[in-house]
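Chemist: Before I ask anything, let me first share the structure, which is written out below as structure tokens.
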Amino acid sequence: MVLRTPRRLRAALAVAAVSGILLAGPAGLTTSAGAASPSTKSGTTLSVAMDSSGVDTLNPFLAYFNGSLDLFGAIYPSLTTIDQSGKPSPYLATSWNVSPDHLTWTFKIRDGLKWSDGQPLTAEDAAWTFHLIMTDEIAGTANGTLVSGFQSVTAPDPTTLVIRTKQPQSNLNYVSIPVEGIPIVPEHIWKSHVADLKDYKNDSYPVVGYGPWTLTGYKTGQYATLDANKSFVLGAPKYDHLIEQLYKTSDSAVAALRSGQLDYIPGGVINSTEFKSLTHVTGVDTAQTVGNGWTGLEINPGAKSRSGKPIGTGNPALSDPRLRRAIALSIDKQTLVKKVVDGYGTVGEGYLPPAWSQWVWKPSAGERQGYDPARANQLLDKAGYKRGSDGIRIDPKTGKPLDLRLGIHSDDATDASIAPYLAGWLKAIGIKVKLEPMSMSALNSDLGKGDWDMLMDAWTTGPDPTYLLGIQSCATLPNDQGNGGNTDAFFCDPAYDKLQARQQSLFDPAQRVKVVGQMQQILYDADVDVMLYNQTQKTASSSKVTGERVGKPDAQGFYPAQNSFWTYLKATPVEHGGSSSSGGLGIGLGIAAAVIVVGAGAVVLRRRAGADDRE
């Protein structure tokens with residue numbers, strides 16, 4: 001499973017949140033509907049910043065946002081988990097094997113586990129979850145591609161799960177992992193909600209699940225509260241409670257960490273400037289992890305539904321591969337790495353990020369599409385895109401100026417930083433760009449409908465490449481109404497799809513790497529997903545916490561990609577009871593709310609300063 005990175009409605013929601021907090025005060029937070037009564041709880045509390053994407057839904061069949069996926073990894077089980085070397089290791093399944101014909105996987109499921117409401121957790125729950133995703137279009141919204149190769153799923157007894165695949169499939173032990181794979185839900189709770197699955201919110205607390213934590217409350221756009229499962233099979237969390245606090249601005253998260261009211265900021269929340277500032281703060285530990293994602297530019301090549309019906313309002317000129325190539329050549333990625341992420345990253349080329357080095361692909365020197373505006377202009381001149389009197393080129397097919405929309409996230413400072421560069425570079429080759437800032441939900445809504453020309457996008461991914469590669473397959477196109485599917489750029493190439501099926505079927509690692517490389521070559525040549533850069537993930541934590549980082553740093557000092565499942569499970573108070581939030585859950589939330597108020601004002605100043613700098 002992959003994760004869309006920060007996409008929150010920063011400015012507008014910040015104002016709303018501040019207003020609400022000022023009216024209600026901290027007490028309003030702790031008594032809000034849907035939340036537990038945290039002020040009455042005692043014990044140690046780990047307070048972390050929620051991924052800035054927030055929570056799109058608590059329904060695991062529909063969710064895409066990192067904030068949701070982190071919660072599902074904490075409260076729902078999976079078949080396997082990932083160890084420090086990036087390999088599958090036991091979780092619900094204690095062992096697994098594949099038949100000699102590579103078509104049948106058998107997982108042995110632990111005996112004696114129970115859901116948080118006391119009902120038995122068995123192989124039947126896993127079989128029911130997978131079968132529902134296989135057979136129900138709504139249930140397959142988020143993770144349908146992960147089970148597309150399944151022929152059947154059965155549970156012949158409570159401790160045995162059998163998955164039969166249509167073709168040999170080598171990655172089944174990666175399909176259900178914490179955060180990045182399919183969460184397994186309790187059948188006895190969810191079977192009554194299949195008919196209304198699209199609208200089911202899953203907000204009865206405590207949410208019935210099984211994991212290191214139990215979700216006890218969630219306040220939309222603010223926080224989630226969780227209690228430790230002290231009998232968790234992989235070891236009890238070292239803290240009694242966990243707060244995932246959504247900060248409307250990264251500044252406010254930094255302020256909370258500096259003041260000692262926050263224990264940990266995961267990757268993807270703070271920017272390079274903030275990270276640098278924290279490296280010199282006493283009582284704060286900082287670290288970088290190898291980049292497990294990319295930031296890119298999506299180009300609409302002509303949106304179509306699964307049936308081939310043209311949909312949306314994309315500019316038809318972008319169906320011309322020469323125009324898309326010219327756009328790719330006009331972008332100075334090295335400047336983006338230097339100016340936007342302050343050098344904390346590398347130029348993007350292949351589709352899979354550097355955290356999973358076995359899949360990294362790079363073009364040959366002769367195939368590399370480096371920054372070359374002169375060549376871009378030559379391509380457009382040769383293709384007949386003549387410049388008008390204002391310097392803007394004219395589409396030879398429609399006679400209209402090349403005037404393209406660029407959708408950016410209205411709340412994302414990174415998008416705001418990148419957009420002026422893109423607009424300037426495209427203007428230099430005769431393309432006018434109109435910026436269209438949108439909320440994350442609006443942008444994602446338009447994506448499936450094809451109502452866009454170019455979009456800023458970003459994904460992170462886990463160690464198996466199947467899901468991320470899968471969102472470029474024809475199967476992820478929406479239906480004729482623009483619903484369903486999870487396409488990124490309406491890319492659809494039968495040759496690519498054949499390779500996708502083949503890479504999953506290969507059990508020889510070297511052969512699989514070769515096919516995955518061929519797929520990345522196809523994407524690179526198509527110029528519909530222009531990879532801008534892969535930045536390192538930047539984390540920061542209070543020195544009152546230890547054990548939160550998994551693995552050892554490499555020669556450059558970068559830790560391996562981190563996963564919230566292990567980070568929050570392993571995090572330990574340096575002195576038991578000495579956590580910054582050890583006074584109780586309610587105290588931590590109340591102070592955090594105050595920090596949001598301060599931080600919201602600070603970010604306005606910072607963003608204005610950035611704009612002034614560019615001018």
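Chemist: Determine whether the range 150-160 contains at least one residue that is modelled with pLDDT under 95 and either in a loop (DSSP other than H, G, I, E, B) or under 24 Å from the mean Cα position of the chain (by Cα) (or both). Outline the logic, then answer.
Modeler: Step one: list which residues in the range 150-160 are modelled with pLDDT under 95, which gives none.
Scanning the range 150-160 turns up no residue that is modelled with pLDDT under 95 and either in a loop (DSSP other than H, G, I, E, B) or under 24 Å from the mean Cα position of the chain (by Cα) (or both).
Chemist: Taking the conditions exactly as written (open to solvent by less than 10 Å² (accessible area, probe 1.4 Å), in contact with a Ser or Thr (Cβ under 8 Å, 6 or more places away or on another chain) and of a type in the set (Asp, Glu)), does GLU274 satisfy them or not?
Modeler: Numbers: open to solvent by less than 10 Å² (accessible area, probe 1.4 Å): yes; in contact with a Ser or Thr (Cβ under 8 Å, 6 or more places away or on another chain): yes; of a type in the set (Asp, Glu): yes.
Considered against the rule, which asks whether it is open to solvent by less than 10 Å² (accessible area, probe 1.4 Å), in contact with a Ser or Thr (Cβ under 8 Å, 6 or more places away or on another chain) and of a type in the set (Asp, Glu), GLU274 comes out as yes.
Chemist: Right, something else. Can you tell me which residues in the range 293-317 are buried (at least 23 other Cβ atoms within 10 Å of the Cβ) and not small (Gly, Ala, Ser)?
Modeler: If the condition is that a residue be buried (at least 23 other Cβ atoms within 10 Å of the Cβ) and not small (Gly, Ala, Ser), then TRP294, THR295, ILE299, ASN300 are the ones that fit.
Chemist: If I filter the range 296-312 for residues that are polar (S, T, N, Q), over 23 Å from the mean Cα position of the chain (by Cα) and at pLDDT below 95, do I get at least one hit?
Modeler: So in the range 296-312, the residues polar (S, T, N, Q) come out as 300, 305, 307.
With over 23 Å from the mean Cα position of the chain (by Cα) added as a condition, the list becomes 305, 307.
Then keep just the ones that are at pLDDT below 95; that gives 305, 307.
Yes, some residue in the range 296-312 is polar (S, T, N, Q), over 23 Å from the mean Cα position of the chain (by Cα) and at pLDDT below 95.
Chemist: Any residue in the range 281-292 that is crowded, with 23+ Cβ neighbours inside 10 Å, small (Gly, Ala, Ser), touching a strand residue (DSSP E or B) at 6+ places or on another chain (Cβ under 9 Å) and at pLDDT 95 or above?
Modeler: The first filter runs over the range 281-292 and keeps only residues crowded, with 23+ Cβ neighbours inside 10 Å, leaving 291-292.
From what is left, the residues that are small (Gly, Ala, Ser) are 291.
Filter once more, keeping what is touching a strand residue (DSSP E or B) at 6+ places or on another chain (Cβ under 9 Å): 291.
Still in the list and also at pLDDT 95 or above: none.
So far as the range 281-292 goes, no, none of its residues is crowded, with 23+ Cβ neighbours inside 10 Å, small (Gly, Ala, Ser), touching a strand residue (DSSP E or B) at 6+ places or on another chain (Cβ under 9 Å) and at pLDDT 95 or above.
Chemist: Every residue in the range 475-527 that is of a type in the set (Phe, Trp, Tyr), in a loop (DSSP other than H, G, I, E, B) and within 23 Å of the chain's Cα centre (by Cα), please. Don't jump to the end; show me each part of the working.
Modeler: Step one: filter the range 475-527 for residues of a type in the set (Phe, Trp, Tyr), giving 490-491, 496, 507, 524.
Filter once more, so that each one left must be in a loop (DSSP other than H, G, I, E, B): 490-491, 507.
Selection gives PHE490, PHE491.
Chemist: Further question: If I go through the range 349-359 residue by residue, how many of them are touching a helix residue (DSSP H, G or I) at 6+ places or on another chain (Cβ under 9 Å) and surrounded by fewer than 20 Cβ atoms within 10 Å (Cβ to Cβ)?
Modeler: Start the filter on the range 349-359 by keeping residues that are touching a helix residue (DSSP H, G or I) at 6+ places or on another chain (Cβ under 9 Å), which leaves 349-353, 358-359.
From the residues that got through so far, the ones that are surrounded by fewer than 20 Cβ atoms within 10 Å (Cβ to Cβ) too are 358.
Result for the range 349-359: 1.
Chemist: So, TYR371, is that one at pLDDT 95 or above, hydroxyl-bearing (Ser, Thr, Tyr) and farther than 24 Å from LEU336 by Cα or not?
Modeler: Here the answer is no, as TYR371 does not meet what is asked.
Chemist: Can you pull out every residue in the range 377-394 that is out of contact with any Gly (no Cβ under 9 Å at 6 or more places or on another chain), open to solvent by less than 40 Å² (accessible area, probe 1.4 Å) and either closer than 28 Å to LEU447 by Cβ or touching a residue at least 24 places away in the same chain (Cβ under 8 Å) (or both)?
Modeler: The one that is out of contact with any Gly (no Cβ under 9 Å at 6 or more places or on another chain), open to solvent by less than 40 Å² (accessible area, probe 1.4 Å) and either closer than 28 Å to LEU447 by Cβ or touching a residue at least 24 places away in the same chain (Cβ under 8 Å) (or both): ALA383.
Chemist: Related question: Among the numbered criteria (1) under 26 Å from TRP356 (Cα atoms); (2) at pLDDT 90 or above; (3) buried (at least 19 other Cβ atoms within 10 Å of the Cβ), which one does THR476 miss?
Modeler: With (1) under 26 Å from TRP356 (Cα atoms); (2) at pLDDT 90 or above; (3) buried (at least 19 other Cβ atoms within 10 Å of the Cβ) applied to THR476, the lone miss is (2).
Chemist: Further question: Can you name the residue in the range 251-264 that is outside any loop (DSSP other than H, G, I, E, B) and out of contact with any helix residue (DSSP H, G or I) (no Cβ under 6 Å at 6 or more places or on another chain) and, of all such residues, is most open to solvent (accessible area, probe 1.4 Å)?
Modeler: Filtering the range 251-264 for residues outside any loop (DSSP other than H, G, I, E, B) gives 251-258, 264.
Subsequent filtering for residues that are out of contact with any helix residue (DSSP H, G or I) (no Cβ under 6 Å at 6 or more places or on another chain) retains 253, 257-258, 264.
Working: ALA253: 0, LEU257: 6, ARG258: 124, TYR264: 9 Å².
Looking at the filtered set, the residue picked out is ARG258.
Chemist: Same structure, new question: Can you pull out the residues in the range 97-113 that are touching a strand residue (DSSP E or B) at 6+ places or on another chain (Cβ under 6 Å) and loosely packed, with under 15 Cβ neighbours inside 10 Å?
Modeler: Selection gives ASN97 alone.
Chemist: Being modelled with pLDDT of 95 or more, open to solvent by less than 10 Å² (accessible area, probe 1.4 Å), closer than 25 Å to THR539 by Cβ and of a type in the set (Val, Ile, Thr), is that true of even one residue in the range 122-132?
Modeler: No; the residues of the range 122-132 include none that is modelled with pLDDT of 95 or more, open to solvent by less than 10 Å² (accessible area, probe 1.4 Å), closer than 25 Å to THR539 by Cβ and of a type in the set (Val, Ile, Thr).
Residues are listed down the side, and each one gets a yes or a no for (1) in contact with a Phe, Trp or Tyr (Cβ under 9 Å, 6 or more places away or on another chain); (2) under 24 Å from GLY293 (Cβ atoms); (3) hydroxyl-bearing (Ser, Thr, Tyr):
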| position | (1), (2), (3) |
| --- | --- |
| LYS333 | yes, yes, no |
| VAL347 | yes, yes, no |
| VAL360 | no, yes, no |
| GLY388 | no, no, no |
| LEU406 | yes, yes, no |
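Chemist: Is it the case that some residue within the range 228-246 is open to solvent by less than 10 Å² (accessible area, probe 1.4 Å), at pLDDT below 95, of a type in the set (S, T, N, Q) and not in a loop (DSSP other than H, G, I, E, B)?
Modeler: Checking the range 228-246: not a single residue is open to solvent by less than 10 Å² (accessible area, probe 1.4 Å), at pLDDT below 95, of a type in the set (S, T, N, Q) and not in a loop (DSSP other than H, G, I, E, B).
Chemist: Evaluate the following for LEU69: is it within 29 Å of ASP457 (Cβ to Cβ), open to solvent by 30 Å² or more (accessible area, probe 1.4 Å) and in contact (Cβ under 8 Å) with a residue 12 or more places away in the chain?
Modeler: In short, no.
Chemist: Quick check on ARG368: is it open to solvent by 20 Å² or more (accessible area, probe 1.4 Å), in contact with an Asp or Glu (Cβ under 6 Å, 6 or more places away or on another chain) and not small (Gly, Ala, Ser)?
Modeler: When the stated conditions are applied, ARG368 does not pass them.
Chemist: On to the next question. Are any residues in the range 319-351 over 27 Å from the mean Cα position of the chain (by Cα) and either more than 16 Å from MET531 (Cα to Cα) or of a type in the set (Ser, Thr, Tyr) (or both), and if so, which ones?
Modeler: SER319, ASP320, PRO321, ARG322, LEU323, SER330
Matching residues to (1) among the polar types (S, T, N, Q); (2) under 16 Å from GLY296 (Cβ atoms); (3) buried (at least 23 other Cβ atoms within 10 Å of the Cβ):
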| residue | (1), (2), (3) |
| --- | --- |
| MET454 | no, yes, yes |
| ASP457 | no, yes, yes |
| PRO463 | no, no, no |
| LEU506 | no, no, no |
| GLN518 | yes, no, no |
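Chemist: Restricting attention to the range 528-549, which residues are open to solvent by less than 30 Å² (accessible area, probe 1.4 Å), in a loop (DSSP other than H, G, I, E, B) and in contact with a helix residue (DSSP H, G or I) (Cβ under 8 Å, 6 or more places away or on another chain)?
Modeler: From the range 528-549, those open to solvent by less than 30 Å² (accessible area, probe 1.4 Å) are 528-534, 536, 538-542, 545, 548; that's our starting set.
Checking the rest, the ones that are also in a loop (DSSP other than H, G, I, E, B) come to 528, 536, 548.
Correct list: VAL528, GLU548.
Chemist: Something else about it: Can you report the number of residues in the range 555-564 which are closer than 17 Å to GLY293 by Cβ and either assigned to a loop (DSSP other than H, G, I, E, B) or open to solvent by less than 40 Å² (accessible area, probe 1.4 Å) (or both)? Before the answer, list the steps.
Modeler: Residues of the range 555-564 that are closer than 17 Å to GLY293 by Cβ, as a first pass: 558-564.
Next, from what is left, pick out any that are either assigned to a loop (DSSP other than H, G, I, E, B) or open to solvent by less than 40 Å² (accessible area, probe 1.4 Å) (or both): 560-564.
Here the count works out to 5.
Chemist: Just a yes or no: is a residue in the range 439-447 surrounded by fewer than 23 Cβ atoms within 10 Å (Cβ to Cβ), within 23 Å of ARG324 (Cα to Cα) and acidic (Asp, Glu)?
Modeler: yes
The values are calculated or read from the model by the stated rules, or taken from the named source; none is laboratory data. Just so we're clear, the structure is a prediction, and the values are computed from it rather than from any experiment. Reconstructed Cβ throughout: ideal geometry from the backbone, glycine too, with neighbour counts over all protein chains shown. Note: areas computed on protein heavy atoms with side chains; ligands, DNA, RNA excluded. Shrake-Rupley method; radii C 1.70, N 1.55, O 1.52, S 1.80 Å.
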